Amino acid sequence: MPTNAVVTDIKQVTIRFSGDSGDGMQLSGTLFSTLSAIFGNEIATFPDFPAEIRAPQGSLHGVSGFQVRIGAKDVYNSGDKTDVLVAMNPAALKVNAPYLKKGSIVLFDTDSFQKKDMDKALFKTQDPFEELNLQDIQPIGVAITSMTKSSLEDSGLENKEMLRCKNMFALGIVCWLFNRPLEIADKLLEQKFAKRPKIVVANIKALTDGYNYGNNIHLTASTYRIEPIEATKGFYTDVNGNTATAYGLIAAAEKAGLQLFLGSYPITPATDILQELAKRKDFGVKALQMEDEIAGITSSIGAAFAGSLAATSTSGPGLALKSEALGLAVMTELPLVVIDVQRSGPSTGMPTKSEQTDLNQALYGRNGESPLVVMAAASPIDCFESAYAASKIALEHMTPVILLTDGYIANGSSAWKIPDMKEYPDINPHFVQTHFNGDAGEWKPFMRDEDTLVRYWGVPGTPSYMHRIGGLEKDLLTGVISSNPENHQRMVNIRKQKIDNIANFIPEQEVLGDPDADTLIVGWGGTHGHLLETMLRLRDNGKKVAYAHFRYISPLPANSHELLKRYKKIIVAEQNNGQFANYLNGQFADLNNICKYNKVEGQPFKVSDMVEAFTQMMEGK
Amino acid sequence: MEATEIKYQKYLAKDYKSENAVRWCPGCGDYAILTCLHKALAELNVDPHNTAVISGIGCSSRLPYYMNTYGFHSIHGRAAAIATGVKVANPALSVWVATGDGDSLAIGGNHFIHAVRRNVDINILLFNNKIYGLTKGQYSPTSSRGFVSKSSPYGTVEDPFHPAELCFGARGTFFARAIDVDMKTQVDVMVEAARHKGTSVVEVLQNCVIFNDGIHNKISDRNWKADNTITLRHGEKMLFGKENDKGLVLEGWNLKAVTIGEEGYTLEDVLVHDATSKDNTLQMKLALMDTTNELPVALGVIRSVEAPTYEKDYEQQIEEVQQKNPKRSFTDFLLSSSNVWEVK
Ligand SMILES: Cc1ncc(C[n+]2csc(CCOP(=O)(O)OP(=O)(O)O)c2C)c(N)n1
Ligand code: SF4
């Protein structure tokens with residue numbers, strides 16, 4: 001630690017690593033967030049990928065960013081604007097300029113701020129800061145490229161490999177700036193490149209030299225300290241939403257004593273779920289990459305028929321392809337978990353950007369009256385909880401469950417206290433052998449538990465329960481094909497009632513904030529962190545306000561109506577044109593006080609925007 | 001000896017019959033296929049409760065309802081993918097797919113070829129009536145060019161698929177063909193299909209009495225059948241004809257039907273069928289024979305080649321991975337993963 005430098009204590013800071021998609025910014029960002037979490041800070045991350053895998057070097061559309069917000073506590077989202085920007089080239093500076101806070105530090109690589117680099121980023125002058133009107137910032141130019149090269153002169157690496165360590169040099173400077181001990185970073189690098197010792201050594205050298213450089217020349221007037229928090233005791237790891245989703249399924253399968261089966265087809269941003277589960281053969285997971293989304297879901301339906309905890313993962317366009325098969329799962333009343341990692345649409349839209357625009361598709365995107373369970377996860381960690389809860393509902397209520405996550409929480413990560421599975425509720429699949437009271441001879445495949453209306457799961461391989469199911473309407477009692485009009489009406493009612501009943505098995509909706517507030521903010525899914533912070537800031541501003549975040553959408557928690565009726569004003573905020581707001585209105589016709597806040601930009605909400613907009617709404621505008 | 005005898009008699013064809021009334025049109029070829037499946041299962045002696053019959057949509061796809069086994073009548077075209085899930089989830093099951101030419105080769109073409117390519121151990125019974133039955137008479141992907149139907153009133157302007165060619169193109173390991181009226185061959189090939197480890201495709205030329213009556217007459221009619229078909233048996237000479245005096249020989253790269261004793265051809269010249277040859281060139285030629293080229297249509301098991309099956313290899317990978325990694329709980333797994341830190 002430099003003793004003569006001024007160390008400023010701060011509560012939270014948002015840092016964005018940004019550069020060419022080949023510059024390794026995702027790695028710098030992940031390492032920094034992980035080491036901060038290990039150090040004892042709260043973290044929230046936002047990887048922002050370009051649509052192209054390798055856009056032309058230095059071009060504006062090739063800029064790849066990784067934003068991380070760290071703090072002692074109360075880090076609910078990845079932050080609106082940045083305090084520190086690492087810009088590896090002029091394009092990165094240009095793309096991120098609108099997100100710079102006043103007074104923020106911009107660390108840039110002077111070696112790649114030459115004329116040709118300015119040209120590629122379509123600057124007209126040689127002074128990008130001036131051209132972008134960036135007066136209120138502290139630019140810090142460092143010759144990152146050339147210093148990395150000289151740092152690694154004797155490493156025995158080729159030129160190209162040396163240059164690849166630029167990101168570590170930059171990370172080293174950032175670590176100095178924030179007083180991060182390098183030992184944690186060294187360990188992470190050793191794990192990351194375990195099979196390539198030479199690369200480990202080079203990366204650690206570049207990192208250390210970057211740190212020392214910052215230290216020696218005192219790059220800024222002060223460095224920053226964010227005190228580690230006193231977190232709950234236990235073991236922690238950091239996890240992103242997609243991994244957490246995969247883990248939630250594994251945990252549920254273990255609890256239910258079933259094999260986990262995933263039929264899937266790669267699609268951004270859901271692919272990681274397939275990839276994570278494909279690795280988990282140690283848990284006996286069967287993760288099949290099928291020929292398309294339809295085969296993904298139908299193979300899973302087959303596995304559900306055969307007695308597995310079956311799941312399928314996809315994103316918007318894939319869910320569209322799955323809709324016919326989803327109807328089959330509804331009709332045959334088989335347990336199935338469908339994960340939709342929402343991305344920007346319609347059609348193929350903006351694959352690497354995030355939205356909440358698939359709610360209507362999840363609720364209504366099927367032929368016929370086709371009710372099923374719809375849930376939404378709130379944060380990377382909540383993906384675990386939600387996937388577990390979705391599996392439990394599917395298996396115990398014999399129904400498909402659509403779990404909505406989104407690109408923002410799927411790729412974003414936070415520190416996660418490793419769960420003790422003993423504390424999680426049991427999962428009891430509704431097997432006919434264990435749940436049906438009568439004789440096998442009396443059993444029919446569409447007999448139901450009287451209270452819950454759940455039918456029994458008879459799995460091929462079980463003697464005495466042979467039966468046929470299918471997508472055709474069937475007789476209420478015998479399960480034989482029937483197109484009798486009254487019977488169809490009754491089956492339509494029963495299928496709906498069965499889903500509605502699930503409201504009795506899910507937690508009541510909670511409200512945060514002021515108990516005597518007139519205004520309720522309502523949200524669902526991956527916007528939770530932003531809405532929570534917005535609510536807290538409104539309260540800091542002296543407003544009385546409450547906040548309800550919905551994880552269960554269909555059915556809604558049993559107390560939803562009574563709860564919503566308590567407020568004079570309801571602000572429903574979502575990244576779509578009002579799908580949840582309209583749904584609430586459809587469910588509860590007497591709610592005539594809903595204000596909508598909608599932004600569909602493919603970017604996370606901005607807390608500052610919402611504080612302003614909600615304040616206006618609350619003041620009756 | 002006695003024990004095996006008893007086991008052999010454990011099930012009769014009727015044990016596989018469900019109580020549901022069969023609802024195909026009177027005279028439909030599907031009845032015969034159903035009966036043959038009952039018989040084949042009895043011969044195979046598989047437990048009805050260990051049998052799953054999966055179908056798509058179409059007349060043929062109603063078959064699972066008529067089986068006293070586990071059954072799944074699903075959605076159009078997707079039976080092969082569902083069956084893949086069933087078999088991979090529980091490899092101990094005997095899994096059958098009942099499907100039509102429209103179901104498997106039009107809407108379900110993708111799933112069909114990929115199931116075959118993966119070599120999942122399922123048995124696909126492909127009912128080929130060269131028409132869409134359930135939707136009342138539109139041409140199918142196997143209808144010949146120029147075929148007139150309700151949706152092609154002026155004749156089609158597209159060429160048909162040959163199921164065998166698709167199957168071979170997807171590197172299929174088993175292909176057999178039978179005609180609905182020929183019950184013996186049907187039962188035989190079904191039994192062979194079930195014994196084969198991997199995806200078995202059994203094409204049954206089936207007559208739709210209502211919308212495409214007589215489309216297979218040239219080969220199914222008893223007057224012409226002997227001369228217009230050949231039933232292939234592995235290791236036997238490729239002989240056919242009423243008098244069994246005709247045989248297949250190679251002439252250059254092509255097959256030729258000859259009469260023994262004519263043009264100098266002797267029994268020696270007649271080819272011996274090898275269903276197990278990995279190289280499928282000759283099997284492909286046999287499968288594509290047709291009367292318009294003055295060749296008999298091949299019936300029986302045309303190809304049956306050993307190859308690893310998908311679900312077995314999948315299980316083996318799991319076993320290998322599990323051997324290397326001691327069994328542990330999910331929590332223990334997380335604790336041992338990288339990036340774990342402790343807050344004390
Ligand atoms: C998604 C979908 N598209 C179309 C149909 C209508 N459809 C049902 S069966 C069928 C064709 C059946 O023909 P084939 O598979 O040859 O069976 P067959 O009835 O001749 O036995 C069609 C087009 C459907 N059920 N689902
Ligand atoms: S329409 Fe044709 S295929 Fe369908 S049941 Fe009748 S005869 Fe059989």
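The values are calculated or read from the model by the stated rules, or taken from the named source; none is laboratory data. The model shown is predicted, which means the values in this text are computed figures rather than measured ones. Quick reminder, even Gly has a Cβ in these numbers, built from the backbone with ideal geometry, and neighbours come from all protein chains shown. What goes into the accessible areas is simple: the full protein's heavy atoms, side chains included, and nothing from ligands, DNA or RNA. Shrake-Rupley method; radii C 1.70, N 1.55, O 1.52, S 1.80 Å.
Might you check whether a residue that is within 16 Å of ligand 2 (Cβ to nearest atom), touching a Leu at 6+ places or on another chain (Cβ under 6 Å) and either modelled with pLDDT of 95 or more or more than 9 Å from every other protein chain (Cβ to nearest Cβ) (or both) occurs anywhere in region B:68-79?
no
Looking only at region B:319-344, count how many residues are more than 19 Å from A:G248 (Cβ to Cβ) and either more than 7 Å from chain A (Cβ to nearest Cβ) or part of a helix (DSSP H, G or I) (or both).
Going through region B:319-344, the residues more than 19 Å from A:G248 (Cβ to Cβ) turn out to be B:319-327, B:338, B:341-344.
Next cut, either more than 7 Å from chain A (Cβ to nearest Cβ) or part of a helix (DSSP H, G or I) (or both) only: B:319-324, B:326-327.
Looking only at that region, the number is 8.
List pairs: first in region A:246-265 and farther than 16 Å from A:E423 by Cα, second of a type in the set (S, T, N, Q) and surrounded by fewer than 24 Cβ atoms within 10 Å (Cβ to Cβ), Cβ under 8 Å, 6+ apart or cross-chain?
A:S264/A:Q289; A:Y265/A:Q289
Quick check on region A:478-524: of everything there that is among the small types (G, A, S) and part of a loop (DSSP other than H, G, I, E, B), which residue is farthest from the other protein chains (Cβ to nearest Cβ)?
So in region A:478-524, the residues among the small types (G, A, S) come out as A:479, A:482-483, A:503, A:513, A:517, A:523.
Next, from what is left, pick out any that are part of a loop (DSSP other than H, G, I, E, B): A:479, A:482-483, A:517.
On the way: A:G479: 11, A:S482: 12, A:S483: 13, A:A517: 34 Å.
Filtering first and then ranking leaves A:A517.
For region B:214-286, which fully contained strands (runs of 3 or more DSSP E) count at least 1 residues that are surrounded by fewer than 16 Cβ atoms within 10 Å (Cβ to Cβ)?
B:246-251, B:254-259
What are the residue pairs meeting all of these: first residue in region B:134-147, first residue of a type in the set (D, E, K, R), second residue near ligand 2 (Cβ under 9 Å from one of its atoms), Cβ atoms under 7 Å, and 6 or more apart or on different chains?
Note: pairs meeting the criteria are B:K136/B:F211.
Criterion first (in contact (Cβ under 8 Å) with a residue 40 or more places away in the chain, small (G, A, S) and under 24 Å from A:G302 (Cα atoms)) does B:A115 satisfy it? Reasoning before the result, please.
Values: in contact (Cβ under 8 Å) with a residue 40 or more places away in the chain: yes; small (G, A, S): yes; under 24 Å from A:G302 (Cα atoms): yes.
Yes.
Quickly run through region A:299-321 and pick out the residues that are more than 11 Å from chain B (Cβ to nearest Cβ) and out of contact with any Gly (no Cβ under 6 Å at 6 or more places or on another chain).
Kept after step one, since they are more than 11 Å from chain B (Cβ to nearest Cβ), are these residues of region A:299-321: A:311, A:313-321.
Across region A:299-321, the qualifying residues are A:A311, A:S313, A:T314, A:S315, A:P317, A:G318, A:L319, A:A320, A:L321.
Restricting to region A:175-198, name every residue that is open to solvent by less than 90 Å² (accessible area, probe 1.4 Å) and in contact (Cβ under 8 Å) with a residue 40 or more places away in the chain.
Scanning region A:175-198 gives A:C175, A:W176, A:L177, A:F178, A:N179, A:R180, A:P181, A:I184, A:A185, A:L188, A:L189.
Looking only at region A:525-542, how many residues end up being in contact (Cβ under 8 Å) with a residue 24 or more places away in the chain, over 26 Å from A:A390 (Cβ atoms) and part of a helix (DSSP H, G or I)?
Result for region A:525-542: 6.
Given the conditions (1) away from ligand 2 (no atom under 16 Å from the Cβ); (2) touching a Gly at 6+ places or on another chain (Cβ under 9 Å); (3) not in a loop (DSSP other than H, G, I, E, B), and given that B:G198 satisfies all but one, which numbered condition is not satisfied?
(3)
Among (1) touching a residue at least 60 places away in the same chain (Cβ under 8 Å); (2) surrounded by fewer than 19 Cβ atoms within 10 Å (Cβ to Cβ); (3) farther than 19 Å from B:K39 by Cβ; (4) more than 14 Å from the chain's Cα centre (by Cα), there is one condition B:M183 misses while meeting the rest; what is its number?
(3)
Which one of B:I131, B:I82, B:I122, B:I54 is β-branched (V, I, T), open to solvent by less than 10 Å² (accessible area, probe 1.4 Å) and away from every other protein chain (no Cβ under 12 Å)?
Answer to the check: B:I131.
Could you give every pair whose Cβ atoms fall below 9 Å, whose first residue belongs to region A:466-479 and is more than 16 Å from A:G302 (Cα to Cα) and charged (D, E, K, R), and whose second residue is assigned to a loop (DSSP other than H, G, I, E, B) and open to solvent by less than 50 Å² (accessible area, probe 1.4 Å), counting only separations of at least 6 or pairs across chains?
As it stands, the answer is A:E473/A:S482; A:K474/A:P445; A:K474/A:F446; A:K474/A:S482; A:D475/A:F446; A:D475/A:S482, since those pairs meet every condition given.
If the Cβ limit is 7 Å and pairs must be 6+ apart or interchain, which residue in region A:419-443 that is of a type in the set (S, T, N, Q) pairs with which residue that is surrounded by 10 or more Cβ atoms within 10 Å (Cβ to Cβ)?
A:N428/A:E396; A:Q433/A:T462
Of everything in region A:136-166, what is free of Cβ contacts under 8 Å to residues at least 24 places away in the same chain and within 35 Å of the chain's Cα centre (by Cα)? Give them in sequence order.
A:K160, A:L163
Buried (at least 19 other Cβ atoms within 10 Å of the Cβ), under 24 Å from the mean Cα position of the chain (by Cα) and of a type in the set (G, A, S): which single residue out of A:G58, A:G65, A:G40 fits that description?
Within the list A:G58, A:G65, A:G40, the selection yields A:G65.
If I filter region B:12-29 for residues that are within 16 Å of ligand 1 (Cβ to nearest atom), under 18 Å from the mean Cα position of the chain (by Cα) and at pLDDT 95 or above, do I get at least one hit?
yes
Quick one: how many residues across region B:125-165 are hydroxyl-bearing (S, T, Y), over 15 Å from B:D290 (Cα atoms) and within 16 Å of ligand 2 (Cβ to nearest atom)? Outline the logic, then answer.
Of region B:125-165, the ones hydroxyl-bearing (S, T, Y) are B:132, B:135, B:139-140, B:142-144, B:149, B:151-152, B:154, B:156.
Next, only the ones that are over 15 Å from B:D290 (Cα atoms) stay: B:132, B:135, B:139-140, B:149, B:151-152, B:154, B:156.
When the remaining residues are screened for being within 16 Å of ligand 2 (Cβ to nearest atom), the result is B:132, B:135, B:139-140, B:149, B:151.
Selection size over region B:125-165: 6.
Checking B:V301 against (1) of a type in the set (V, I, T); (2) open to solvent by 30 Å² or more (accessible area, probe 1.4 Å); (3) touching a Phe, Trp or Tyr at 6+ places or on another chain (Cβ under 8 Å): exactly one of these is not met. Which one?
Condition (2) is where B:V301 drops out.
Which condition number does A:A394 fail, the rest of (1) within 18 Å of the chain's Cα centre (by Cα); (2) buried (at least 20 other Cβ atoms within 10 Å of the Cβ) being met?
Here A:A394 clears every test but (1).
Determine whether A:L152 is within 20 Å of A:V68 (Cβ to Cβ) and open to solvent by less than 60 Å² (accessible area, probe 1.4 Å).
no
From the set of residues in region A:334-384 that are surrounded by 24 or more Cβ atoms within 10 Å (Cβ to Cβ) and of a type in the set (D, E), which is farthest from the chain's Cα centre (by Cα)?
A:D358
For region B:137-179: of the residues being of a type in the set (F, W, Y) and part of a loop (DSSP other than H, G, I, E, B), which is nearest to B:T231 (Cα to Cα)?
Residue satisfying both the conditions and the ranking: B:F161.
Being facing chain B (nearest Cβ under 9 Å) and part of a helix (DSSP H, G or I) is the filter; apply it to region A:237-252 and report the residue that is nearest to A:A37 (Cα to Cα).
Looking at the filtered set, the residue picked out is A:Y247.
In this structure, does A:F39 turn out to be in contact with a helix residue (DSSP H, G or I) (Cβ under 8 Å, 6 or more places away or on another chain) and under 23 Å from A:I137 (Cα atoms)? I'd like the intermediate steps shown before the answer.
Values: in contact with a helix residue (DSSP H, G or I) (Cβ under 8 Å, 6 or more places away or on another chain): yes; under 23 Å from A:I137 (Cα atoms): no.
Answer is no for this residue.
Is one or more of the residues making up region B:146-158 near ligand 1 (Cβ under 9 Å from one of its atoms) and of a type in the set (G, A, S)? Let's see the steps before the verdict.
Of the residues in region B:146-158, the ones near ligand 1 (Cβ under 9 Å from one of its atoms) are none.
Scanning region B:146-158 turns up no residue that is near ligand 1 (Cβ under 9 Å from one of its atoms) and of a type in the set (G, A, S).
Identify, please: which residue in region A:454-468 is of a type outside the set (A, V, I, L, M, F, W, C) and touching a Gly at 6+ places or on another chain (Cβ under 9 Å) and is, among those, most open to solvent (accessible area, probe 1.4 Å)? Break it down into steps so the answer makes sense when it comes.
Pass one, region A:454-468, residues of a type outside the set (A, V, I, L, M, F, W, C): A:455-456, A:458, A:460-465, A:467-468.
Then drop every residue that is not touching a Gly at 6+ places or on another chain (Cβ under 9 Å), which leaves A:455, A:460-462, A:464-465, A:467-468.
Working: A:R455: 3, A:P460: 4, A:G461: 29, A:T462: 21, A:S464: 78, A:Y465: 29, A:H467: 5, A:R468: 32 Å².
The extreme case among them is A:S464.
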